[in-house]
1. Relative contact order of the stretch 36-249: what whole-number percent is it, with Cα pairs under 8 angstrom and at least 6 residues apart?
2. For D342 and E3, calculate 0.36 nm times their separation in residues minus their Cα-Cα distance, and state this gained length in nm to one decimal.
3. Regarding the stretch 39-79, what are the three Cα extents along the principal axes, ordered largest first, in Å?
4. Once Lys and Arg get +1 and Asp and Glu get -1 on their Cβ, which of V381, G326, Q344 lies farthest toward the positive end of the dipole of the stretch 251-386?
5. The stretch 11-64 to the stretch 98-148: how many Å between their Cα centroids?
6. Ordered by packing density, taken as the mean number of other Cβ atoms within 10 Å over each peptide's residues, highest first, how do 144-152, 5-13, 343-351 rank?
7. Find the all-direction average of the projected area of the Cα convex hull for the stretch 251-386, expressing the result in square nanometres with one decimal place.
8. If you roll a 1.4 Å probe over the heavy atoms of the protein chains, what accessible area per residue do you get for the stretch 251-386, in Å²?
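The values are calculated or read from the model by the stated rules, or taken from the named source; none is laboratory data. Predicted model only: the values in this text are computed from it and were never measured. Because the Cβ atoms are built from the backbone with ideal geometry, glycine has one as well, and the counts that use them run over all protein chains shown. For accessibility, only protein heavy atoms count, side chains too; no ligands or nucleic acids. Shrake-Rupley method; radii C 1.70, N 1.55, O 1.52, S 1.80 Å.
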Amino acid sequence: MQEETRLIHAGAGSQDLVRTVGPPIQKGSTVLLPCAAALYDDDNYLTYGRGGLAAHEALKDALAEMEGAAGVRLYPSGLAAVTGALLALLQAGDDVLVADNVYKPTRRFCDNVLKRYGVGVRYFDPRLPPQAVLDQAVPATRLIVMESPGSLTFEMQDLAAVAALAKGRGVLTLTDNTWGAGYLFKPLEHGVDISVQALTKYVGGHSDVFMGSAAARDPALVQKLDDGVLNLGWAVSAEDAYQMLRGLRTLPARLKLQGEAALRIAAWLAEQPEVAEVIHPALPGAPDHELWKRDYSGACGLFGFVLRPGSMAAVDAFLDALRVFGLGFSWGGFESLAIGSDPQLGKRSFVPTYAGPLMRLHIGLEAEADLIADLRQALDVYAERAG
Ligand SMILES: *Cc1c(COP(=O)(O)O)cnc(C)c1O
């Protein structure tokens with residue numbers, strides 16, 4: 001054979017690799033089939049790489065184990081998991097009830113895309129009790145979309161109660177469980193039909209990979225999610241799938257450290273004179289504390305707090321004074337982050353009111369004393385500017 005041909009077949013890789021603790025990062029669009037009969041035998045052979053190879057399969061299996069799911073599908077981002085699941089489940093003429101505290105880009109998709117394709121979208125106050133949510137359902141209502149706790153205002157839903165009532169009405173339920181990370185709370189065990197999360201946050205854990213997952217127990221729903229991914233043509237890279245699986249190994253350890261530190265910092269903040277209120281469902285006395293205690297095995301590192309009244313300039317001065325906390329929108333990584341939340345609430349149908357500016361913190365793995373000292377000196381700056 002000529003050299004061009006030999007180079008095509010050279011270095012094809014061993015069939016029986018040595019075993020490592022992680023899966024091989026198998027990359028491939030082309031999948032080589034053993035014989036002609038296998039070319040069109042989709043039942044027995046994986047014939048194309050878009051749906052994922054070794055690392056993807058390993059990650060999907062591990063996530064299914066954590067979620068208690070019959071099947072998990074991967075998406076190129078957390079937002080794509082939300083939009084992919086919605087597109088897989090809905091059709092023109094359907095009606096969807098959406099909790100008003102959902103992630104803002106989820107809302108943008110509902111308003112800009114679902115409505116354009118003839119799906120009715122109605123928002124409900126996340127403080128409504130379960131029966132009142134179901135009272136809003138009409139015969140066309142197909143799905144209820146929730147996020148509990150919401151990632152800015154942290155209202156929780158009694159997901160088990162909503163799911164049970166929805167089942168009785170033939171309505172599906174979906175929750176964005178990014179705060180619970182698939183570990184602190186298991187939506188499928190509480191009767192929710194579809195559990196979605198941005199793996200980008202805690203499962204990845206290092207703020208450097210995008211991915212999302214959707215999990216279901218009912219095989220018919222898993223098939224629908226599968227068809228949805230196939231119809232839209234989404235793929236995730238083998239390196240990213242490998243990195244997500246690596247993150248998953250340390251998820252419980254990181255969540256424990258970050259969640260416990262966050263709760264102590266939240267309790268400390270509640271004692272500071274510049275702070276009007278701390279919004280964290282795991283704090284005793286919080287509005288959703290009993291629900292959190294019933295359903296969650298722990299808390300993550302993300303919570304909100306309200307400053308005593310002060311101008312936007314004073315809020316910016318507080319944020320600019322922070323040295324250990326970074327300013328950034330994401331969360332779930334090893335690093336502590338802070339933002340002001342008020343500018344994100346404007347599009348809501350039921351805007352909650354607070355005694356002052358609403359802030360959000362994500363607690364990372366830094367030493368707690370350094371984080372507290374950083375917050376204290378920034379609160380001094382705030383006190384000076386807010387007067
Ligand atoms: C970040 C986030 C998403 C989207 O995840 P991406 O990977 O950034 O697309 C979805 N839901 C919630 C609650 C999030 O915080």
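1. 29 percent
2. 115.6 nm
3. Sorted from largest, the Cα extents of the stretch 39-79 read 34, 22, 16 Å.
4. The listed residue farthest towards the positive side: Q344.
5. Centre-to-centre distance over Cα atoms comes out at 38 Å.
6. Output ranking for 144-152, 5-13, 343-351: 144-152, 343-351, 5-13.
7. With the hull built on Cα positions only, its mean projection is 8.2 nm².
8. 43 Å²
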